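Heads up: the structure comes next, in structure tokens.
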Amino acid sequence: MLSSILVVAAIGALIFGVKRWQSLPDEKKAGFARKWAMYGGAAVILALVVTGKAHWLMGVLASLLALAGRVSQFAQYAPLFKKFMGDESGSESQSNSHTGPIASSNQAMDKRQAADILGVEVDASIDEVRSAHKRLMQKMHPDRGGSDALAKQINLAKDVLLS
């Protein structure tokens, strides 16, 4: 009974939406379609919950929520990753096959870049540089899911600031 009512309501909403969409000017159709797609998705989820068929959906939502928590932890490092990955695309780094792309881009690191990598000021004390290095290495070490390239950049930044 409940399923029949939901189907009739969905067909009525679909007919109303199509008629409304046809009467809109072209520049407003895209926004209207996005809004109705969002409302339609919410209605489908609500119908699944009401009819008791959303057990798999709750599992998917729970895993997406956990994944979003992990992604948000690493989002703060996005500028750092972008900076490292942008250095590898140069032609000079590709021509040097023995030392690799990271080593050739490391030679040009100045104190400002090193300070940006470690998240300290250029004139930071030795203790501040060491604690920032330790904090980053604990998060970005290859044994903890980081990469060798990131660890090399962090180590080089510390060396540049301490020299």
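The values are calculated or read from the model by the stated rules, or taken from the named source; none is laboratory data. These numbers come from a predicted model, not from an experiment. With ideal geometry, Cβ positions are generated from the backbone for all residues, glycine too; neighbour counts draw on all protein chains shown. Side chains included, ligands, DNA and RNA excluded: accessible areas come from the protein's heavy atoms. Shrake-Rupley method; radii C 1.70, N 1.55, O 1.52, S 1.80 Å.
Cross-link partners among lysines for Lys111, C-alpha distance below 16 Å, same-chain residues fewer than 8 apart left out?
Lys83, Lys152, Lys158
Probe 1.4 Å, all protein chains in place: accessible area of Met58 in Å², nearest 10?
Roll a 1.4 Å probe over it and Met58 shows about 90 Å².
In segment 1-58, which trypsin sites (Lys or Arg not before Pro) are in a loop and have at most 16 other Cβ atoms within 10 Å, using DSSP for the loop call? Present the calculation step by step, with values, prior to reporting the outcome.
Numbers: sites: Lys19, Arg20, Lys28, Lys29, Arg34, Lys35, Lys53; in loops: Lys53.
Loop-located and lightly packed - Lys53.
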